[in-house]
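Every read-out reported here was derived from the displayed coordinates using simple, explicitly stated rules and does not represent laboratory data. Being a predicted model, the structure only gives us computed values, none of them experimental. FYI the Cβ positions are ideal-geometry reconstructions off the backbone, even for glycines, and counts take in every protein chain you see.
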Amino acid sequence: MALLKDAITLAPTCELYLQLGDACRQKEDWIEAEDCYRKAMAMIPHRLTPKFRLFELYREKGDRENAVRMAEIVVDAPVKKEGTRVLRMKAQADAFLRKDGM
């Protein structure tokens, strides 16, 4: 985690913020993880992965309201290239909305 923080200070990238957010999420540091995912989302607004990771974070910590909001954003997000990864993320968010969101 310390290595990721050092790398971000030298050359902040969306991918590094996602990795640091994942590390914080594993340690259940919800606030730091959310901050990292939001920074990643701000760096590349059209990228789906940071939005999906935020959705997962909210779902894991039991924040239903924000999980529903992010799931809707993931499902409705336009994408440049619909590959299997994007389809999987959208399907998981849609399944959550069908089960828990509505």
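Annotations
- Condition met for Gln26 (without any contact (Cβ under 8 Å) to a residue 12 or more places away in the chain, under 23 Å from Leu4 (Cβ atoms) and not aromatic (Phe, Trp, Tyr)): yes
- Yes/no for Tyr17 being in contact with a Pro (Cβ under 8 Å, 6 or more places away or on another chain) and farther than 15 Å from Glu56 by Cα: yes
- Scanning segment 30-53 for residues that are aromatic (Phe, Trp, Tyr) and within 21 Å of Lys81 (Cβ to Cβ) gives a single hit, Phe52.
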